[in-house]
Every structure is written in C-alpha cells, then in structure tokens.
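**Q** One structure follows; several queries about it will come next.
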Amino acid sequence: MEDDQGEERSRDRINALCELQRNGSLRKKKRSWYIGWVNHILELYKGSTLNEFRVCFDLDWTCRHDIDSWFHFAISKRVRNLELDFEEVAEKTWPPGLRSYSLTKGCYDYIRTPHGLSCIGLLTSLCLRFVKVSGEVLEHFLSHSPLLEKLVVEWSKNLVSLKVAKVASSSPLRLRYLEIRSCLALKNLEISTPNLWSFRYYGQKVALHIENAPLLANVLIGGNLDDQPGFAFCPLSSYLCQLHTLTLEMSAYNMTFPNFPQLANLRHLVVSVYGGYDDNLLVLTSLIDASPSLNKLSLELKIWRSSTYNHANSSCNVTGKPIPSLKVVEVVGFRGFKIDVDFVTYVLEHGKMIEKITINCCHPSWIGQIWECESIKERDKARKHALQLKIGNLPQRLSFRLLSSVR
C-alpha cells in the first residue's frame, strides 16, 4: 500500500513539473513558490563546500535579492560546478535574452575580493544561460579559476568581446569545453587554450581567431536563418583534419560550405537542420566526400511545410562517390518529403558498408518528452514513406529500425 502511495506521489510530482515546463504563465505564477523552496533548501545545508549548484527557472530582475543571495552562497561554499539558467519561457519576446537577468554589482565586486578570489579558485564548470555577463567578467573567472574546464554562455546580451587565453600572470588554462550560443552582441572571439577538446559556437558571424588548440576534436557550428555559420570553417581550417566529431546546426537555406580539406579523422557527423520540405540537403555530400573515415552519420530534421525563400542550394555538384567507412545512420524527424528522402536515398545508395539505420518519425522537439503534441496522422504517413525506403534500397544484411514514438 505504501509503495502504491509513493508511486502515486511520484507521478503527481512528475505531472506537476511537466505542467510547469509546458505552461510559461504558470511558471511565472510559481516563482514565489520556487524561490521559497530554494531558500529553504539552502537554510538546511550545513556543509562547508559545495560540489554543484544549479538554478534553472524563469526568473528576472524582480527576484534579484534572492538570486544575488544564492550567488554569494554558492561562491562562499567554494562551489565546483555553478549553473544559472533563467530561460524566459513566461514572456513571448523575440529574440529571447532581451530581458536576461544581470547579476548586480555586488556579485561582481565579491568575486574580486581576496575571499571571493580564493573561493572561485576551485570552480571547474561555469554555465550562464539568460544571464547578462560581459567579457571582462568571464575573463576574470578564466584568469582566477585555474581548475575551470567547462564554460558555457548562452543568450547573454552584454557579451561583445571575449578572449579565452592565458594572461601573463596566470597559469595555462585547463579549459576543455567552450560553448558560446546566441550571444547577439558578440563581435570578437579569441581562443588560445592548449587543453581545449570541444568548441561549440552558435550565432552570427564574428571575428573568430583560434590558435594553440592541439587537442581540439569536437566542434559544433550553427546559426539561424539570417546568420552565416559557414564563416567559422575558415578560422577552423588548421584544425579540421584532427576533428573526430563535427556538428552542424543550421537552416537548409544557409548551408553553404567552402572547399574542404580532407577531414581525415572525422568519425561522426551530426547535422541538425531546419528547412522546407522541398529543400536540398545534397550539398552535404561535399563534406561527406572529404571524410574518408566517417563511421556514423546523425541527421536531425525540423521540417516546415514549404520554403518561403529563394533556394541557395537549388543545385549542387554531387559526385556520387562511395562512402567507404559509413556503418551507422540515424535519422530523427523523418517526414518523407524531398528534403529527407533525396538525402537518405543518396546515403543508402553510396554507403555500401552501412550496417545499421535507425529512422525516427517523431519531431526532434518531442523526443524524450512525456507529452506528445504531434499529429498521429502525419507521423503514420512519414512511417509509410520510411518503409518504402526499406523496400527499395536496403540489402538484406542491413539492420533497419523504424521508430515513431517520443519514448
């Protein structure tokens, strides 16, 4: 009986959290409850140090007293992993980040005091989402947090210039993971860190300078419809040959690439693309041709009904070369339109060593979610198109898996 009641309470909590996640207006109303809950937890904590402190809720300047208090608490406890995420789900603003929260001057003054400097010295991970933060503040953390290995900044309106590099008086950076996403004011980004393994950039064209990154093996490049994400390939040209994983997040409209050198070590290509059903993804074949060791291809599709722009890639040179090392293909968001059928058909025809293909007809936005907001009719139609691919192109030896559920 007690087990049944426990499971019921657990389901009620999950349902309540899901409703908060879906309903921005409700989250706005629940701010007071959330703030009180966090304050109560902090009152109960008696430890002298803190391994991780995460706050992920739709909070704004009206909560500044509590947010600043939490920041001081986390830093004073010599936190190792600090994450502040104030995603704006309760406001219908575009672009997001316009009302991102800005830590007060008192917070920035604190991390410059002798005590604050000693406390941030143990920081290993710093993630700031929907928080206004300047390059000066981030560089302060980089210079005085010798153990920092991960830095994530997303939707920061105040970030204009950032230099990720050792300063004369500091020790070499240990930073291994750097992610800068949707910082609309950013103009200049300089990177020189010998331990960097993963670099992820999503946003508009900036002055990007990368040097002294001998371990760089994992890169993400992306941008919105009006961005030109392909610009990043030029400053990255010296490191393309050493990449193991390359992720592209962009629209089919601006998916244009330079002439690639050989990406000799690339094992996994991930493409997350949004576009119209009649767009052309065969432009990706030039990248595939330049990757002789490619073992896995992951394609994520966010397709709308039709294109509303002139096609930048209405024609492209397709060589029809074999894809010699490709063994695994994963497609999420398959709909059975020209944009996905043409590309998947090409890959199957030229990837003679493919051993496994998985096609999921569920929209990527709903993967892993408890609720479903998609038309069952649309998904069934996509499933039929995927089955036609199986009948027409796949050898008997190949493992074919077709999914159409969000679970």
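Here, each number is a calculation from the coordinates, and none is a lab measurement. In this text, all values refer to a predicted model and were calculated from it rather than measured experimentally. Glycine gets a Cβ as well: all are built from the backbone with ideal geometry, and neighbour counts include every protein chain shown.
**Q** Cα centroids of the range 178-217 and the range 230-264: how far apart, whole angstrom?
**A** 14 Å
**Q** Ok, one more. Given an 8 Å cut-off on Cα distances and at least 6 residues of separation, report the relative contact order of the range 47-216 as a percent.
**A** About 16 percent, as a whole number.
**Q** Also: Can you order the peptides 208-217, 135-144 by their average number of other Cβ atoms within 10 Å per residue, highest first?
**A** On the way: 208-217: 16.7, 135-144: 18.6.
So the order, starting with the most tightly packed, is 135-144, 208-217.
**Q** Here's another thing I want to ask about it. Summing Lys, Arg as +1 and Asp, Glu as -1, what charge do residues with Cβ under 13 Å from the Cβ of Lys163 carry, Lys163 excluded?
**A** -2
**Q** Ranked by Cβ crowding within 10 angstrom, fewest neighbours first, how are Met353, Met255 ordered?
**A** Fewest to most other Cβ atoms nearby, the residues stand as Met353, Met255.
**Q** Let me ask another. Kirkwood Rh, Cα Rg: Rg to Rh for the range 114-223? Don't skip to the answer; put the middle values down first.
**A** Values: Rg = 13.1 Å, Rh = 13.9 Å.
Using only Cα positions, Rg/Rh for the range 114-223 is 0.94.
**Q** Can you compute the charge dipole magnitude of the range 164-315 about its Cα centre, using +1 on each Lys and Arg Cβ and -1 on each Asp and Glu Cβ, nothing else charged? Give it in debye, rounded to the nearest 20.
**A** That gives a dipole near 440 debye.
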